[in-house]
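Derivation of every value follows stated rules applied to the coordinates shown; laboratory data play no part. Everything numeric here is computed off the predicted structure, so don't read it as measured data. Counting neighbours? That spans all protein chains shown, and the Cβs are built from the backbone with ideal geometry, glycine included.
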Amino acid sequence: MENKGGTTDINTENVHPISMSAIREFKIPAVDFKFNFVLDLSLKDSKKIVKIILANFGENLNKVKLFNHLSWSDHSESDLWACYGTYGNEKLLLRIEHKWIDPHFLSFWLWQNDDNTIYDIDTLFRELVVKEAWQSGKKFGELLIFPCKVIINTIENDPELLLPDKEILNKMTMKAANNAGVLFWQLFQNQKFENATIILRNLIEQLENKDAGFDFLRALESLCYFNDGKYEKAISTFMNLARDFDSKSLPMHCNLCLFFAIEAGKRINSPTQSIDAMERIAREIPKLTDYNREEISGILKSYSVSVYIGAVVLCRRIIEMAIKDTLSKISGETISSLVAQCKQAGVLEGRQGNGLYQILQVARWKNVISSSDFDIAIAIKNYGDRIHIKDGVKEELHAKYAIQACIRILRQLEIGYVSSSPKLLNSKGEFNKLDQTI
């Protein structure tokens, strides 16, 4: 096959798909294509060129349709589009790939080294981050990181006959190569984080609309500081973002930024500076009572100096107190009464008493906490048993997830209880599930 426009290799070296979603089946007859023409274009120009090709080719063409979605090992995503058609003896295969990063990227980056943990992080965190990123039918903050591939195959006529003249095409490909997202990604992949930040700053300054997509770019900038070892700067920028995401009613993205700030604080070499950073983070966490901020401050300081057991024990204590308090406030009943009702409903069996296990069962039954929060809260409860098992735990990792879950649960309780909006409370005064409401 004659390659008129360059390589047809869509993949990047050492990058491979990690998952693929078949949107629809795409089959073509066995065809021996003679010509292969590849264009690297901007997103806007790729759409423009596709329209020109379809208009210039003929009538017997199906619409261009999405048939595959892929997630890649570099934490990017891509959509594959294609159409096939005939016009007399001529046959045309048209394929388009758009490749980008979006809020998926932040969550993958935070937990990328923890895939072997006993915690099911897809259930616990990522799924809600992804759900929350969808607004008005699409994810916010999609940033194109490769020029769009437009691959044209024909059997009789040179594909260039379907395209504008070479001068126009050269301008289009030059523009795509200098796209800010593409330049950022090249620098980021090469770990040139300071230069990547400069690209992002220029891009951010050009945006007038301060929406969630704008904040996603700022989060990428913060991630560059984090990866470049500028931890104090990363803490400040992630905490500013946490407040902004919170003000936009994006609590999971707020939490994501909080978790990055905590990880940055943990990596500060000086114990004194690390403790100071953790105190500052605790003070600035949105949607927490002053009492809970003090408790979280103690937890984070224990974590910063590697007292992991102490941190998790404190997480267990504050979760039990906060859930008991919330259940009592929204029901007006004692914990003993709620546990009895839970047993009568057949939800809670076996164990007697009003300990943390029973309290968590009641909270899940009343939809005060989600099933994933219940699972990790149970893991926090059982932490004391697991530390006595030889090689049974990774202490820092357990503490990390315990702290993240603790903060998430506390903020969820505060958001739900303080707002008490019809969206959060049902007709019985019970909390609706967080996954469906926020």
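General observations
- The angle between the Cα long axis of helix 193-206 and the main principal axis of the chain comes to about 80°, on a 0 to 90 degree scale.
- Backbone geometry of region 19-29 corresponds, through the Karplus equation with coefficients 6.51, -1.76 and 1.60 at θ = phi - 60°, to 3J(HN,Hα) couplings of 7, 9, 10, 7, 6, 7, 6, 10, 10, 10, x Hz, x marking Gly and Pro.
- Residues Asp45, Asp102 arranged by fewest to most Cβ contacts within 10 Å: Asp102, Asp45
- Those Cys residues of the chain for which no other cysteine Cβ falls under 4.7 Å: Cys83, Cys148, Cys224, Cys254, Cys257, Cys342
- The candidate values were (i) 102, 63, 44; (ii) 80, 52, 47; (iii) 64, 55, 46; the one computed from these coordinates for Cα extents along the principal axes in Å carries the label (ii).
- Proximity of backbone amide H atoms, modeled 1.01 Å from N, is registered between Lys287 and no other residue at under 5 Å, excluding neighbours fewer than 5 places apart on the same chain.
- For the residue pairs Lys138/Lys171; Lys233/Lys381; Lys139/Lys324; Lys51/Lys138, the alpha carbons lie more than 32 Å apart in Lys233/Lys381; Lys139/Lys324.
- Packing-based order for 275-282, 402-409, 26-33, 199-206, using average beta carbon neighbours within 10 Å, highest first: 402-409, 275-282, 199-206, 26-33
- 3J(HN,Hα) along region 289-303, derived from phi through the Karplus expression 6.51 cos²θ - 1.76 cosθ + 1.60 where θ = phi - 60°, amounts to 6, 4, 4, 5, 4, 5, 5, 5, 4, x, 5, 5, 5, 4, 5 Hz, with x in place of Gly and Pro.
- Relative contact order, percent, the chain [alpha-carbon distance under 8 Å, six or more residues apart]: 12
- Relative to the longest principal axis of the Cα atoms of the chain, the long axis of helix 231-247 lies at roughly 90 degrees.
- Folded to 0 to 90 degrees: helix 271-284 orientation relative to the chain principal axis, Cα: 90
- DSSP bridge pairs, the chain: antiparallel proportion in percent, nearest 5: 95
- Peptides 255-262, 66-73 ranked from most to least packed give 255-262, 66-73, packing being the mean of other C-beta atoms within 10 angstrom over each peptide's residues.
- Each residue of region 37-44 was assigned a 3J(HN,Hα) from its phi angle through the Karplus curve 6.51 cos²θ - 1.76 cosθ + 1.60 (θ = phi - 60°); the sequence is 10, 10, 10, 10, 10, 6, 4, 4 Hz, with glycine and proline shown as x.
- Residue of Ile235, Ile299, Ile168 that the Gaussian network model of the chain assigns the largest fluctuation, springs spanning Cα pairs under 10 Å: Ile168
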